[in-house]
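Read through the structure below, which is laid out as structure tokens, and then see the notes.
What follows is calculated from the coordinates using simple rules that are stated; it is not laboratory data. Being a predicted model, the structure only gives us computed values, none of them experimental. Neighbour counts are summed over all protein chains in view; Cβ atoms, including those assigned to glycine, are modelled from backbone coordinates with ideal geometry.
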Amino acid sequence: MSKISRFRLLSLFRKRHVERELAAELRFHLEKQIETNIAAGMSPPDARSAATRLFGGVEQIKEDCREIQRLNLIENFIQDVRYGARSLMRTLLLVLVAALSIGLGIGANITIFSLFHAVLLDGPTAREPEHLVHVVAGNSIQISYPNFRDLEESKLFGSLAAYKADPENLVNLRLGDETKAVYSQFVSSNYFDLMGVQPILGRTFSANEARPEGDPHLVILSYGCWQRRFGADAAMLGRVLNLNGHPYTVLGVLPRDFRSVIGYGVAPELYIALNRDLMPYLNTRAGNALNMIGRLPDGATRAQIAAALRIVVRRLGKLYPDDNRNFEQVRLKAVSGLDRLNGNDDLPVLLFFTVLTIVVGLVLLIACANVAGLLLARGASRRREIAIRLAIGAGRGRIVRQLLTETLLLAMAGTTLGLLFDWCAAALLVRIPLPLPMPIEFHLALDHRMLLYALALCALTTLVCGLVPALQSTRSSLTPALKQELSQFAHRRLTLRNVLVAGQVAVSLVLLVTSSLFLRSLLVIGHTDPGFDIDRTLTAELRLPPNRYTRSQGETFLEQAIDRLSQLPGIASAACANYLPLSFNDRNTVVRADGPSEAQFNPAEQVVGHDYFSTMQVPVLRGREFSRSDREGAPQVAIINETLARHHFAQQDPVGKRLIYGWGDHTELIEIVGVVRDTKYLTLGEDAREILYLPYLQHGDLTGGSISLVVRTQGDAPRSFLPAVKKSIRQADPTIAFEVHIMRDNLALAFWPTRFMTATLGVMGALGLLLAMVGLHGVISYAVARRTNEIGIRMALGASRAQVLRMILADGLSLVAAGAAVGLLVSAAATGPLSALLAAGVRTLDPLIFAGVALMLASVATASTLIAARRSMRIDPISALRYE
Amino acid sequence: MNSKADLLQGTLDLLILKTLALQTMHGWGIAQRIQQISQDVLQVQQGSLYPALRRLEQKGWIDAEWGDSDNNRKARFYRLTRAGRKQLELETSNWERLSAAVRQILETA
């Protein structure tokens, strides 16, 4: 390092040392002046005072010197920027390509990061959310209302509130003739006091007016609900809504960017104060239905409060030993950030985002490789200019800094483009309707976090793209550069640029292979037989208010509804179930075989009514399906699917065998009366599962809640029956909220994750390939330009144009082959973990996919090389020989 | 504070470079030499000397090192670099052109 850059480094990092040196220097000067004064005849004290006077303000001198240093740094930077901008303007095409490449890479990264943040890390809208904690206490994740009140009264927290927000938290909203099931959050009276949220309209309820004992009927709307269902009615406040058949007063509307405490973008539409209509078992100490959120008191840590809470919890366990069994656990979790992640529950989503982050990171890497390649070529063409600057004394460090500033300008242009790209992508993404049972709203704002991330990426990109080219362009072996000897005949293959392009090809291949795997998965799922009829079936999800009927009333209602439906013209049959396959419901149960072995198994469970299997067109292989006589009071029966039969009744006829169902004090002996063909249960891509079916009239909830109906139509136009079915259900009970669909539409849910992954990876893979091909084109063109002299000589010596073309092609394709080989190896090694996200039956090491992608890559690369090599065909040997 | 001629910044740089072209010396020495050779016409203020030396150092025209001076005291010695030598030539020719032009105008009036 030259003395100059050392000096500058010194000024930055050893400022105090430099200051001390300056002080010493000035002291020396002063002493010399005093000596001179004494030599001229003054007395020592006079000499000193004269010298000091002459010296002026020492501090001022020091300050001036410091100023020089500061100005210099800024001056240098501005000079670098000006010079760099001028230099870049001369090669505008390069700037555009580089900025666009970087923009796409950075834009994709920012979008994925903001999505990741919104889904997994974002916290609720609240006052001082860093003091909020999720509180889990007792013997389960949720707690009962009486226990919650006791904990609240222990005054351990600044304040403690409770809420209920399960996916089944639907209330029936009656608007005119229509009743709709609306996803809501039930909250304790002090909830909004604790959260400290400001509504944009009206107010929230205070702790006093909303006590459950006073049977409050108060509701607050989300912004989305107010817009979508009420058309942003200006007279919303004070309006009375019919919820579950009772009147509720609207107190206020929450702000547009409100984030709920549930996370994952889940957005309840109604916030209702807890009361006994909504939760009939509110005062049961043993019922666990509420989640808690608390505000830590000032200065207390989570650990301290958790320890104190544990004592209170144990005391409650002792006070109520029957209701609060095993009342021990205490867990406090942050409401946002990494602390919030839920271990195993969040694992698939985390995996999903990890894959996405790696993918967009790879795309950015490819873009950086492109830009680095472009900068290397640029540096090579500027070798003369740089050599001259080095010769007249500019330090190497200075030039490297200037080249890096140029790269910084490029990176900043690219980052700006990237932010623009992210803004557009975010606007598009939030419009995509997600086929999930609860309303989801993502807030993908470009806030300070994203900007910081963008700046970090910008700096990283600058270093990755610019450092090596800058260092290489300023290497000290300058004499050949000055004399224009560009080592024409030493044709090195292993140049940095070539390695970069090979790397790009490898990465593109990995992306394309991954995308093809998901595409294959999609096709497999598309052709999977779900096991039941989807072309002629209609489904209806009914939602009754809790305790709408007594048990016998409910039975009557259900029977009448089903009979009426099956008697409609064009309807073959109808049946009921607690929920349908492929509807996000996954309930397992534990049963034991009744026999000497008492083997235990863990099948999925579904509660279905009579004629269910014939309506769904699922073949009964042995025995019978449920009938009307399988009801309360009759013998307990069950039906199993063939996988369960195969696993546990391999050599025998399962019909007639008994199972022990339930645990503890409530076990029953159930007799198997039939075996049915396998159907899919949760996803289309799943492996075969054991399923146990129980009769609805014996195990179903007949007093309220959700019921699903299936209807088999005749003919090929199931959609035409929708109005008739809707009318029939409405006539059966007008207070019920229901949705009717054709089965095929329901299945769209199942395809969604795979479709999304395929599209995303496909786009990223194509992008990566495009960037790689641009890089390849650049490298080949550059090689042709550099070898013009050599080509001229070859042609003068008798080589035909075709032979020259073949030579160039061979060079380009060998590069691609090297990259492709590495890419295939990496794909083979690294795609293993993806099998968790792919459909069953799709092998990650599928030779067909690998070969197909490699072939496509080869053809695209050949095309790119040919285009670049076209120039070599047009070389005139005579002018080529003169070319310097 | 001094009634003698104040030096413009660019001119001071030129004089410092010239002084160092002849010999390596410390800040005090530079000020003394300029004063001596100009026969007391030009007196360099410490307030302008040391910032000027810093500036020249940052531009890479002079180099500095601590060394022993008389009485075994430590002083910071400056010397001209190759780039500085080139700069000196440039500035000297500029100065000569400038002063020749000014002299012509003054003489013709």
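From largest to smallest, the equivalent ellipsoid semi-axes obtained for segment A:286-337 from the alpha-carbon gyration tensor read 23, 14, 8 Å. Of the peptides A:375-385, A:513-523, A:699-709, the ranking by mean beta-carbon count within 10 Å, highest at the top, reads A:513-523, A:699-709, A:375-385. How many angstrom separate the Cα center of segment A:279-317 from the Cα center of segment A:106-170? Cα centroid to Cα centroid, the span is 13 Å.
In chain A, a dipole from Cβ-located charges (positive for Lys and Arg, negative for Asp and Glu) runs towards its positive end, and of A:Ser508, A:Ser706, A:Leu290 it is A:Ser508 whose Cα lies farthest in that direction. Max-minus-min Cα coordinates of the protein assembly as shown on each principal axis give 128, 89, 62 Å, with the largest extent listed first.
The slack in the chain from A:Asp745 to A:Gln472, taken as 0.36 nm per residue of separation less the alpha-carbon distance, amounts to 92.3 nm.
Ranked from highest to lowest mean number of other Cβ atoms within 10 Å per residue, what is the order of the peptides A:580-586, A:132-138? Numbers along the way, then the final one.
On the way: A:580-586: 18.3, A:132-138: 22.4.
In decreasing order of mean packing, A:580-586, A:132-138 become A:132-138, A:580-586.
Looking at segment A:537-742 alone, DSSP beta bridges between its own residues are antiparallel in about 80 percent of cases.
Which whole number gives the average, over all residues in A:26-33, of C-beta atoms from other chains lying within 10 Å of the residue C-beta? Display every interim value, and only then the final one.
On the way: counts 4, 1, 8, 10, 2, 3, 11, 4.
Counting Cβ atoms of other protein chains within 10 Å of each residue's Cβ and averaging gives 5.
Spherically averaged projected area of the convex hull of Cα atoms, segment A:14-70: 4.0 nm². The base-10 log of I(q)/I(0) for segment A:517-664, evaluated at q = 0.21 Å⁻¹, reads -1.54 [Debye formula, identical scatterers on Cα atoms, solvent excluded].
Each eigenvalue of the Cα gyration tensor of segment A:688-738, multiplied by 5 and square-rooted, gives one semi-axis; in descending order these are 25, 20, 8 Å.
Net charge in the neighbourhood of B:Gln104 (other residues with Cβ under 13 Å of its Cβ; Lys, Arg +1, Asp, Glu -1) is 0. Binning the alpha carbon pair distances of segment A:120-201 at 5 angstrom intervals from zero yields the distribution 3, 11, 17, 21, 20, 13, 8, 4, 2, 0, expressed in whole percent.
Comparing B:Ala83, B:Ala21, B:Ala31 in a Gaussian network model of chain B where C-alpha atoms under 10 Å apart are linked, the largest mean-square fluctuation is found at B:Ala83. The smallest convex shape that holds all Cα atoms of segment B:9-108, its convex hull, gives 107 Å³ per residue. Here the label points at A:Arg384 and A:Ala796, each 7 Å from Cα along the C-beta direction, are separated by 2.1 nm in the simple model. Summarised in one figure, the compactness ratio Rg/Rh of segment A:261-389, Cα atoms and Kirkwood Rh, is 1.32. Taking N as the residue count of segment A:751-879, its C-alpha radius of gyration divided by 2.2 N^0.38 Å amounts to 1.40. The mean count of C-beta atoms from other chains within 10 Å of the C-beta of residues in A:63-73, rounded to a whole number, is 4.
Work out, step by step, the length gained on full extension between A:Arg874 and A:His647: first 0.36 nm times the residue separation, then minus their alpha carbon distance; give nm to one decimal. Don't skip to the end; give the middle numbers.
Values: separation 227, 0.36 × 227 = 81.72 nm, distance 7.28 nm.
Extending this stretch completely gives an extra 74.4 nm.
Under the rule a/c < 1.5 gives rounded, and otherwise a/b versus b/c splits prolate from oblate, where does segment A:620-771 land using the Cα gyration tensor? Since a/c reaches 1.5 but b/c is at least a/b, the shape of segment A:620-771 is classed as oblate.
Report the Rg/Rh value for segment A:395-445, based on alpha-carbon coordinates and the Kirkwood definition of Rh. The partial results should precede the final answer.
Details: Rg = 19.7 Å, Rh = 14.1 Å.
Across segment A:395-445, the Cα-based Rg/Rh ratio is 1.39.
Highest mean first, what order results for A:43-53, A:357-367, A:286-296 on Cβ atoms within 10 Å? Walk me through the numbers before you get to the answer.
Values: A:43-53: 13.5, A:357-367: 22.2, A:286-296: 20.0.
Most protected by this proxy first, the peptides run A:357-367, A:286-296, A:43-53.
Per residue of A:209-220, how many C-beta atoms from partner chains lie within 10 Å of its own C-beta, taken as a mean?
On the way: counts 0, 0, 0, 0, 0, 0, 0, 0, 0, 0, 0, 0.
Partner-chain Cβ atoms within 10 Å, mean over residues of A:209-220: 0.
The largest-to-smallest principal axis extents of the Cα set in segment A:129-336 are 51, 36, 30 Å.
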